[in-house]
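Let me begin by presenting the structure, written as structure tokens, before commenting on it.
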Amino acid sequence: MGYKLAIDFGTTNSVIARWNGEDEEATIINADKISTALEDLPPVVPSLLYVKDGKNNTVVCGQAVRDQELDTMRDNRLFRNFKRGIVATPAPEPRMIDDTEWADRDAGRNFVRTLIEAIPYQHEDIDQLVLTAPVASFEGYLAWLNEVLDDIALDKIRVVDESTAAALGYAVTKPGAVVLVFDFGGGTLDLSLVQLPEERDKTGGFLKRLRKGKANQHSARVIAKAGRIIGGSDIDQWILAEMLKRTGLKSTDLSADYATLLTRCEQAKILLSNEDSADIAFEADGKQHKITLTREELETLLEENGFFTALRRVVDKVMHVARQRGIFKEDIHYVLMVGGTSLMPSVQATLGKYFTDMAVRADKPFTAVAEGALQVAAGYG
């Protein structure tokens, strides 16, 4: 009996998971050198790629980019948020790196192949590999995947849309259920109001067959979709600006300490999801600084930067389109939270005011998509 595996290639973080047949549950794989190991959080692979040699296709991926501090280099070799560019129309302009063109599709191909290489099993021992695809660009993404996967037999590769996978990961198995998938990561806010497939046997499909048939029969139906380029990385920058304001410093005073302070700001943001206050200690211009930021101060900072206004407008847009198509708030069965920024208490409180009579699920923001994809492989679709 071979292994059943899943890869969730995310905009900010990616996840590799294996189905544990004995316990009938998913196990998140800690991939050597490319996974981030944080206390109380599952191991994820940062969706980062740095091109060391453009001509010879030499790249560094995941946590290794951060460990080698390649994400602080002042050049054009770092790719982040490149998943969005893979199916974007028009596609972002490629970059010239070592006299070679590098587009987001090239970065994505190298990154996904690195994830596959990080799987600690031989390809012949893999029974199924489930990949996830954006629901709004399902068929275009399938075409790209077809170009990427050349080492594993296509009859072993199954594809499921991310919204259906998130629903299964959160144990929503009702055929035809209407769910709002709230994906709020480091760079973007994406809301997808979808109706799950009516028939369980049509949940996902094998890549070889999907490319020949009608792929949309095997994915959730998009009722409404809206997004905004705003996320956790913006919050980190706002906190950093607040630290400069309180210390009377300018960004030019930080010099090489800039990246360190930005990391401290990100850590404080994460800590404030569970604590009332967080200390930010850093060095700048030869002096040591330590500033305490409270959760209330962070929420004021978010309000001043239009964060909650942007959040409410995206939700309003989705619900407006839904009403035009005959779907109302009371028709939505679940609100499913995906992405690290969705963990923030103020984000959940804002959503709670909109959706008071339904289940808002936020206990698997990093792993729901990968775990749901594995359930498809295990026959629980």
Next item on the list: Take the range 52-207, compute every pairwise Cα distance, and split them into 10 Å bins from 0; I just need the percent in each bin.
Entry: 9, 32, 35, 19, 4, 0
Checklist line | Burial order of peptide ranges 97-109, 269-281 (average beta-carbon count within 10 Å, highest first) | finding: 97-109, 269-281
Notebook entry, point to check: For the chain, modelled as a Gaussian network with Cα springs under 10 Å, which listed residue fluctuates most, A349, A143, A37?
Noted result: A349
Checklist line | Scaled radius of gyration (Cα, divided by 2.2 N^0.38 Å) that the chain gives | finding: 1.00
Next item on the list: Can you check what the net charge comes to around V45, using other residues whose Cβ is under 15 Å from the Cβ of V45 (Lys, Arg +1; Asp, Glu -1)?
Entry: +1
Next item on the list: For the range 84-166, report the accessible area per residue in Å² (1.4 Å probe, heavy atoms, rounded to an integer).
Entry: 43
Checklist line | Net dipole in debye of the chain [+1 Lys, Arg Cβ; -1 Asp, Glu Cβ; about Cα centre; nearest 20] | finding: 1300
Check: Please state the relative contact order of the chain as a whole percent: Cα pairs under 8 Å, 6+ residues apart?
Finding: 19
Notebook entry, point to check: If we count every other residue with Cβ under 13 angstrom of V135's Cβ, Lys/Arg +1 and Asp/Glu -1, where does the sum land?
Noted result: -3
Item checked: Within the chain, helix-based [θ] at 222 nm, where runs of 4 or more DSSP H residues each add -39,500 (n - 2.57), nearest 500 -> -10000 deg cm²/dmol
Notebook entry, point to check: Can you give me the pair-distance distribution of the range 305-381, C-alpha pairs, 5 Å bins, whole percents?
Noted result: 3, 13, 19, 21, 18, 14, 8, 2, 0, 0
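Evaluate E = 1/(1 + (r/R0)^6) for L244 and N20, where r is the Cβ-Cβ distance and R0 equals 41 Å; express this FRET efficiency to the nearest 0.05.
My answer for the efficiency is 0.30.
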Notebook entry, point to check: Quick one: with all protein chains in place, what share of the accessible area of the chain is carbon or sulfur, to the nearest percent (1.4 Å probe)?
Noted result: 44
Notebook entry, point to check: Long-range amide H contacts for A224: which residues qualify at under 5 Å (H placed 1.01 Å from N, peptide plane, sequence gap of 5 or more or a different chain)?
Noted result: L193
Next item on the list: Quickly work out the D363-to-D71 label distance, labels modelled 7 Å from Cα along the C-beta direction, and quote it in nm with one decimal.
Entry: 2.9
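How far, in nm, would the chain grow between D32 and Q348 when pulled straight, counting 0.36 nm per residue and subtracting the alpha carbon separation?
Additional length available on full extension: 110.4 nm.
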Checklist line | Residue pairs, from the table K4/K329; K55/K83; K83/K156; K33/K225; K269/K364, whose Cα atoms sit over 30 Å apart | finding: K4/K329; K33/K225
Next item on the list: Using the charge dipole of the chain (Lys, Arg: +1 at Cβ; Asp, Glu: -1 at Cβ; taken about the Cα centre), state which of V360, N274, V45 has its Cα farthest towards the positive end.
Entry: V360
Check: Bin by bin, in steps of 5 Å, what percent of the Cα pairs in the range 1-126 do you find, going until the bin that has the longest distance?
Finding: 2, 11, 19, 21, 19, 13, 8, 5, 2, 1, 0
Notebook entry, point to check: Using a 1.4 Å probe, how large is the accessible area of D155, given in Å² and rounded to the nearest 10?
Noted result: 100
Note to self: I want the local charge near G248. Using Cβ-Cβ distances under 13 Å, sum +1 for each Lys or Arg and -1 for each Asp or Glu among the other residues.
What the structure shows: +1
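The values are calculated or read from the model by the stated rules, or taken from the named source; none is laboratory data. Computed from a prediction, not measured in an experiment: that's the story for all the values here. Please note: Cβ atoms are built from the backbone with ideal geometry, for glycine as well, and neighbour counts cover all protein chains shown. Just the protein is used for accessible areas: all its heavy atoms, side chains included, with ligands, DNA and RNA removed. Shrake-Rupley method; radii C 1.70, N 1.55, O 1.52, S 1.80 Å.
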